[in-house]
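The values are calculated or read from the model by the stated rules, or taken from the named source; none is laboratory data. A quick note: this is a predicted structure, and the numbers were derived from the prediction, not measured. Cβ sites come from the backbone with ideal geometry, for glycine too, and all protein chains shown count toward neighbours. Each accessible area value is taken on the protein alone, full model and side chains, heavy atoms only, with ligands, DNA and RNA left out. Shrake-Rupley method; radii C 1.70, N 1.55, O 1.52, S 1.80 Å.
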Amino acid sequence: MVSPDWRFVASRPAHFVAFGFGAGLSPFAPGTVGTLIGYPLFVLLHALFPTIAGVVVLGILFALGCHWCEVTGRAIGVADHRGIVWDEIVAMAAILFFVPATVAAWIAAFFAFRLFDVWKPWPIRIVDERLKSGLGVMLDDALAAIPAIVVVRVGAELVTK
């Protein structure tokens, strides 16, 4: 198993992106740090594209992420190494397309996503345990994004009534 460092991350574009442009090297909670990178990605996509096109671009980034995470996981020797955070980045950016554009909703989205990503309730846990590939890395976070969106949207509806 390779112990990733800046040299490893900079050695290939796939590693650089999979490690969230270096965020995955954080010694403390790299998944949480990676999740935060989802916010500027969302802001960039939202500024450049209409909503539907932004979601399509995220779909493309998801598909490319399957490859980048696969390549990086194989190079490290661990399919879902904790430093691979592209999955958190894309999932968080996707969540922001589907929740209210308020500070409270964005904060709630962060915590809801981290909860479901760490907790991994069914079927997220099954994907995480059985699909040891780039697709598995990306898919478990995409699945964790769904209940996070539901929780934030329902919470927002309850607060506004």
**Fill in**
Of the residues in region 26-63, those that are in a loop (DSSP other than H, G, I, E, B) and either in contact with a strand residue (DSSP E or B) (Cβ under 7 Å, 6 or more places away or on another chain) or of a type in the set (Ser, Thr, Tyr) (or both) come to SER26
**Request:** Please go through region 1-25 and pick out each residue that is open to solvent by 10 Å² or more (accessible area, probe 1.4 Å), in contact (Cβ under 8 Å) with a residue 40 or more places away in the chain and outside any helix (DSSP H, G or I).
**Result:** MET1, VAL2, PRO4, ARG12
**Prompt:** Which is of a type in the set (A, V, I, L, M), open to solvent by 10 Å² or more (accessible area, probe 1.4 Å), in a helix (DSSP H, G or I) and in contact with a Phe, Trp or Tyr (Cβ under 8 Å, 6 or more places away or on another chain), of ILE149, ILE107?
**Reply:** ILE149
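Within region 38-54, track down each residue that is open to solvent by 50 Å² or more (accessible area, probe 1.4 Å) and either under 10 Å from VAL90 (Cα atoms) or not hydroxyl-bearing (Ser, Thr, Tyr) (or both).
Hits for region 38-54 are PRO40, VAL43, LEU44, HIS46, ALA47, LEU48, PHE49, PRO50, ILE52.
Collect the residues in region 110-123 that are part of a helix (DSSP H, G or I) and basic (Lys, Arg), keeping them in residue-number order.
Quick first cut of region 110-123, residues part of a helix (DSSP H, G or I) only: 110-119.
Within region 110-123, ARG114 is the sole residue that qualifies.
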**Message:** Among the residues of region 64-79, what is the count of those that are outside any helix (DSSP H, G or I) and surrounded by 20 or more Cβ atoms within 10 Å (Cβ to Cβ)?
**Reply:** 0
